[in-house]
Amino acid sequence: MTRAFSSGIPALDAYLADGYDTVPGMSSRFSATICGHVLRRQSEMGIRGSLAEIGTFEGRFFIAMGHALAPGEHAYGFDIFSWPDDHVLDRFVANAARCGLAADRFTPRPFDTGKLTVDEFAGLTGRGPLRFVHIDGEHSPEALGHDLALAHARLHPQGLICLDDMLHPGYPFLVVTVHAYLSAHPEMCLMCVIDREDIVAAAKFLICRRDAVKLYENDLMQSFPAQHFILGGDAMGHHCVVLTPHPRIADV
Ligand SMILES: C[S@@+](CC[C@H](N)C(=O)[O-])C[C@H]1O[C@@H](n2cnc3c(N)ncnc32)[C@H](O)[C@@H]1O
């Protein structure tokens, strides 16, 4: 029997089925489903902490993350909230309400993350560990490097950093920044590549500490066999999981 492609969180799966496409945004449903699954797995393993997103826009991916919050946890959404107009924050809050994310579960943070110190970022995320940080803000090498430094400093030891728009044709060299980050932090590792759906729903990277890889990788391969590209990925010496909507290899 083919397993359902779902996160396993009923509220999140209902949002993915009925609300996700109604919220303007750029993250794929494919990646949100897999990220929902790993967020559920974190809760089941007792990994607790806040969730944060840099580059919330109107909330498409953020609301999905929010539906994975465990009791007592909180989600923080950072954005300059001024693009493409000054009403994007209002639409973000309205989308969250319409899609069932309670107002007391999350806090919008209208900040340019490039101007935040690690201590300021910590203060704006409740000072506790972050178990999942989605980075989808400004896509310059400098901004991504800074956002990675903020996330790295506040990450739960068994937490995940999720990077959007990796391998995007519009940002062909952004992965150089990720390579530099991983080279500077050999304790960190690219654990999984979640492949693109489309040019506006691009690939994501899941990064964690090397000693946390075992918590996630076998589970991902076993939970998503129909999406598993069995050749995997060469990730700076680590053989990472690759999940893709239509796994196949070229005919030769
Ligand atoms: C690609 S959109 C995010 C899409 C969203 N994560 C989703 O899944 O639908 C990028 C967002 O990053 C925000 N952004 C750009 N530079 C930023 C900065 N320096 N600090 C915070 N947010 C920033 C933009 O305002 C924009 O809303």
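All of the numbers you see were taken from the coordinates with simple rules; none came from a lab. Computed from a prediction, not measured in an experiment: that's the story for all the values here. A quick note on method: Cβ atoms are made from the backbone with ideal geometry, for glycine too, and the neighbour counts reach across all protein chains shown.
3J(HN,Hα) along region 231-243, derived from phi through the Karplus expression 6.51 cos²θ - 1.76 cosθ + 1.60 where θ = phi - 60°, amounts to 6, x, x, 8, 10, 6, x, 9, 8, 8, 6, 10, 10 Hz, with x in place of Gly and Pro. Each DSSP beta bridge with both residues in the chain is either parallel or antiparallel, and the antiparallel ones are about 40%. I want to make sure I understand the PRE zone here: with the label point 7 angstrom from the Cα of residue 229 toward its beta carbon, which residues in region 161-176 have backbone N atoms less than 14 Å away? Output list for this probe position: 166-169.
What FRET efficiency, computed as 1/(1 + (r/R0)^6) with R0 = 22 Å and r the Cβ-Cβ distance, is obtained for residue 200 and residue 238, rounded to the nearest 0.05? Can you show the working numbers first?
On the way: r = 29 Å, r/R0 = 1.32.
FRET efficiency, residue 200 to residue 238: 0.15.
Over all pairs of different C-alpha atoms in region 153-203, the reciprocal of the mean inverse distance, the Kirkwood hydrodynamic radius, equals 12.2 Å.
How about region 153-252: which GluC sites (Glu not before Pro) there are in a DSSP loop, with at most 15 other Cβ atoms within 10 Å of their Cβ? Spell out each step's value before the answer.
Details: sites: 187, 197, 217; in loops: 187, 197.
Sites meeting the loop and neighbour criteria: 187.
Calculated [222 nm] ellipticity per residue, helices only, for the chain: -10500 deg cm²/dmol; basis is -39500 (n - 2.57) per DSSP H run with n ≥ 4, divided by all residues, nearest 500. With the simple spin-label model, which puts each label point 7 Å out from Cα in the Cβ direction, the residue 48 to residue 127 separation comes to 1.7 nm.
For a quick check of your reading of the filter: which chymotrypsin sites (Phe, Trp or Tyr not before Pro) in region 120-175 sit in a DSSP loop and have no more than 14 other Cβ atoms within 10 Å? Walk me through the intermediate numbers first.
Numbers: sites: 121, 132, 173; in loops: 173.
When the chymotrypsin sites (Phe, Trp or Tyr not before Pro) of region 120-175 are filtered for loop state and at most 14 Cβ neighbours within 10 Å, 173 remain.
Work out, step by step, the length gained on full extension between residue 142 and residue 91: first 0.36 nm times the residue separation, then minus their alpha carbon distance; give nm to one decimal.
Working: separation 51, 0.36 × 51 = 18.36 nm, distance 2.85 nm.
Between residue 142 and residue 91, full extension yields 15.5 nm more.
The alpha carbon radius of gyration of region 25-243, expressed as a multiple of 2.2 N^0.38 Å, is 0.94. Simple spin-label estimate for residue 83 and residue 149 gives 2.0 nm between the two label positions (7 Å along the Cα-to-Cβ direction from each Cα).
Using DSSP loop states and a limit of at most 12 other Cβ atoms within 10 Å to flag trypsin sites (Lys or Arg not before Pro), what is the longest stretch of the chain containing no flagged site? Don't skip to the end; give the middle numbers.
Working: sites that count: 3, 127, 248.
The longest uninterrupted stretch comes out as 4-126.
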